[in-house]
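**Q** Once you've had a glance at the structure underneath, I'll fire off some questions.
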Amino acid sequence: MNKPGREAEYYECLSSGVVACHLCPQECRIPEGGVGRCRGRHNHEGRLWAETYGRVCALQIDPVEKKPLFHFYPGACCLSLATTGCNFSCLNCQNWSISQAAPDEIESRFLLPKDMVSLAESYACRLVAYTYTEPLTYWEYTRDCARVCREAGLKNILVTAGYINERPLADLLPFIDAANVDLKSFSDEIYHRISQGHLNPVLRTLRQMLEAGVWLEITNLVIPGVNDDMEMIRSMCLWLSEHGFAGQPLHFSRFFPQYRMQNRLPTPVETLLQAREIAWDCGMEYVYIGNVALSESEDTVCPDCGVSLIRRKGYQVEAVDFNGHCPSCGRRIPGFWNK
């Protein structure tokens with residue numbers, strides 16, 4: 001078959017040439033010639049084809065803090081890559097030009113999984129991040145890249161909205177070292193209205209990642225008038241604390257007008273500060289505020305004695321030699337550190 005990409009996994013053939021994709025909870029039924037919601041999985045002659053495979057549309061070197069990951073080798077750089085596509089349609093998407101595009105609509109370069117190892121090593125990156133769009137929709141490429149990178153001694157990072165079915169996630173997680181999951185709200189109605197998805201599959205992903213031993217950090221983008229209700233934020237933080245996530249970093253991120261939400265104002269800093277107080281009150285131990293020029297909002301602080309352990313200003317990191325224990329009281333700080 002002379003066609004870009006490779007045959008997809010997790011699908012079945014139905015009647016009349018229709019295929020059912022079982023990669024994610026969208027559970028697309030795709031007729032001959034059609035594509036799934038993610039735009040990258042195409043029914044070609046009764047077979048589901050992952051057209052994004054190897055077609056990299058974004059590739060650059062980032063600080064790991066940009067993912068954001070604050071407790072995973074602070075100060076390290078990572079090779080970041082993406083193909084097109086996403087199984088959400090978020091009205092506020094900041095990378096909509098590639099996430100809401102089909103592979104044929106965006107310029108790309110073809111890279112084999114083994115090429116990622118060579119590129120990472122040539123730029124002295126020990127981390128590789130699958131990011132910018134939704135790496136779970138280009139599952140086959142993410143899995144193959146992560147496998148060869150793991151074999152080469154590199155660490156793999158997922159930056160994801162976490163919308164995937166249980167079995168494909170279980171098959172991917174053995175190759176993943178860390179993830180940042182975008183928990184968009186704690187309301188199924190908001191998930192459906194803003195992103196065309198549902199909340200419970202994302203919560204299942206969080207639990208599955210935690211149980212698999214993947215280092216996990218969570219981002220909540222606070223959008224004025226959408227998900228900034230403080231009682232809902234409290235419910236979210238209580239759920240996280242009560243389900244074993246109290247020691248996982250939680251990032252409240254400031255919204256700026258994007259894509260189809262150009263008519264909303266940026267999140268007031270006071271809203272983010274209030275959300276942080278609620279998170280602390282609910283038992284979350286490491287709470288950060290992103291996308292603001294606010295002193296100490298991204299510093300890592302010992303939750304027992306209050307000593308500042310790692311200072312951050314933008315993407316500049318101080319105390320990258322931190323060894324995982326508070327030098328004042330000896331408390332162990334969860335994460336993966338440089339020494």
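The values are calculated or read from the model by the stated rules, or taken from the named source; none is laboratory data. In this text, all values refer to a predicted model and were calculated from it rather than measured experimentally. When we count neighbours, we look across all protein chains shown, and the Cβ atoms used for this are built from the backbone with ideal geometry, even at glycine.
**Q** For segment 291-318, name all the residues that are touching a residue at least 40 places away in the same chain (Cβ under 8 Å) and buried (at least 18 other Cβ atoms within 10 Å of the Cβ).
**A** Residues satisfying the conditions are 298, 300, 310, 312, 317.
**Q** Any residue in segment 159-179 that is of a type in the set (A, V, I, L, M, F, W, C) sitting within a Cβ distance under 6 Å of a residue that is surrounded by 19 or more Cβ atoms within 10 Å (Cβ to Cβ) and part of a helix (DSSP H, G or I)? List the pairs, counting only those 6 or more apart or interchain.
**A** Final answer for the pair search is 172/143; 175/146; 179/209.
**Q** Collect the residues in segment 184-196 that are out of contact with any Gly (no Cβ under 6 Å at 6 or more places or on another chain) and buried (at least 24 other Cβ atoms within 10 Å of the Cβ), keeping them in residue-number order.
**A** 184, 185
**Q** Pairs only if they're at least six apart or on different chains, beta carbon under 7 angstrom, first in segment 252-275 and under 15 Å from residue 294 (Cβ atoms), second at pLDDT below 95 and assigned to a helix (DSSP H, G or I); list them, first residue then second.
**A** As it stands, the answer is none, since no pair meets every condition given.
**Q** Got at least one residue in segment 223-230 being among the small types (Gly, Ala, Ser), within 19 Å of the chain's Cα centre (by Cα) and surrounded by fewer than 22 Cβ atoms within 10 Å (Cβ to Cβ)?
**A** Checking segment 223-230: not a single residue is among the small types (Gly, Ala, Ser), within 19 Å of the chain's Cα centre (by Cα) and surrounded by fewer than 22 Cβ atoms within 10 Å (Cβ to Cβ).
**Q** Of (1) hydroxyl-bearing (Ser, Thr, Tyr); (2) closer than 21 Å to residue 72 by Cβ; (3) surrounded by fewer than 19 Cβ atoms within 10 Å (Cβ to Cβ), residue 253 satisfies all except one. Which?
**A** Of (1) hydroxyl-bearing (Ser, Thr, Tyr); (2) closer than 21 Å to residue 72 by Cβ; (3) surrounded by fewer than 19 Cβ atoms within 10 Å (Cβ to Cβ), only one is false for residue 253: (3).
**Q** Could you please give the count of residues in segment 123-136 that are touching a Phe, Trp or Tyr at 6+ places or on another chain (Cβ under 9 Å) and either over 21 Å from residue 204 (Cβ atoms) or in a loop (DSSP other than H, G, I, E, B) (or both)?
**A** Looking only at that region, the number is 5.
**Q** Still on this structure, please answer the following. Given segment 254-318, what strands (runs of 3 or more DSSP E) lie entirely inside it while holding 3 or more residues that are aliphatic (A, V, I, L, M) and under 21 Å from residue 227 (Cβ atoms)? Write out each step before concluding.
**A** Numbers: elements: 287-290, 308-313, 316-318.
Ranges flagged: none.
**Q** Name the one entry in 79, 69, 14, 23 that is surrounded by fewer than 16 Cβ atoms within 10 Å (Cβ to Cβ) and either closer than 20 Å to residue 197 by Cβ or aliphatic (A, V, I, L, M) (or both).
**A** It is 14.
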